[in-house]
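Take a look at the structure below.
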Amino acid sequence: QVQLVESGGGLVQPGGSLRLSCTASGSLFSINAMGWYRQTPDKQRELVAVITNGGSTDYANSVKGRFTISRDNAKNTVYLQMNSLKPEDTAVYYCNALIGHMDYWGKGTLVTVSS
């Protein structure tokens, strides 16, 4: 059994910053990659950023230069530093972990960017 618990969402003004955290617990024999996705009511869930076990990263074009993903392997935790936030970044952000060949998801944390 694997659990992913997100934290750090909330309300922020445009141009502001937030940091999301996600900690994995349970049967973590091999975490290959961890990442963040987001979803709004009118869109499909989309990849925001991902980081592999080796530290390679990839970002959605819409967040490049503004968001940074990082990972603490010892704590099984992944972070998403979000700067220069825009109203269009408003969404529920979901943590994802690829463990072995299985995808696991957190319950999501809401980020609202509004003045």
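Below, the figures for the structure above:
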read-out	value
Against the rule of thumb 2.2 N^0.38 Å, how large the Cα Rg of the chain comes out	1.01
Label-to-label distance, nm, for residues given as Leu28 and Trp105 (7 Å Cα→Cβ offset)	2.1 nm
Mean accessible surface per residue for the chain, computed with a 1.4 Å probe while every protein chain stays in place, in Å²	54 Å²
Cα gyration tensor of the stretch 1-65 - equivalent ellipsoid semi-axes, whole Å, descending	23, 16, 13
Area of Ser17 that stays accessible when all protein chains are in place (1.4 Å probe, Å², to 10)	60 Å²
Relative packing of 31-44, 77-90, which averages over residues the other C-beta atoms within 10 Å, highest first	77-90, 31-44
Accessible-area value, Phe67, 1.4 Å probe, nucleic acids and ligands omitted, Å²	10 Å²
Contour excess over end-to-end distance, with Cα ends at Gln39 and Arg66 and 0.36 nm allotted per residue	7.9 nm
Carbon and sulfur %, accessible surface of the chain computed with the full protein complex present, 1.4 Å	47 percent
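The values are calculated or read from the model by the stated rules, or taken from the named source; none is laboratory data. Keep in mind the model is a prediction, meaning the values are calculated, not measured. Neighbour counts are summed over all protein chains in view; Cβ atoms, including those assigned to glycine, are modelled from backbone coordinates with ideal geometry. Ligands, DNA and RNA are stripped out before the accessible areas are found, and what is left, the full protein with its side chains, is counted by its heavy atoms. Shrake-Rupley method; radii C 1.70, N 1.55, O 1.52, S 1.80 Å.
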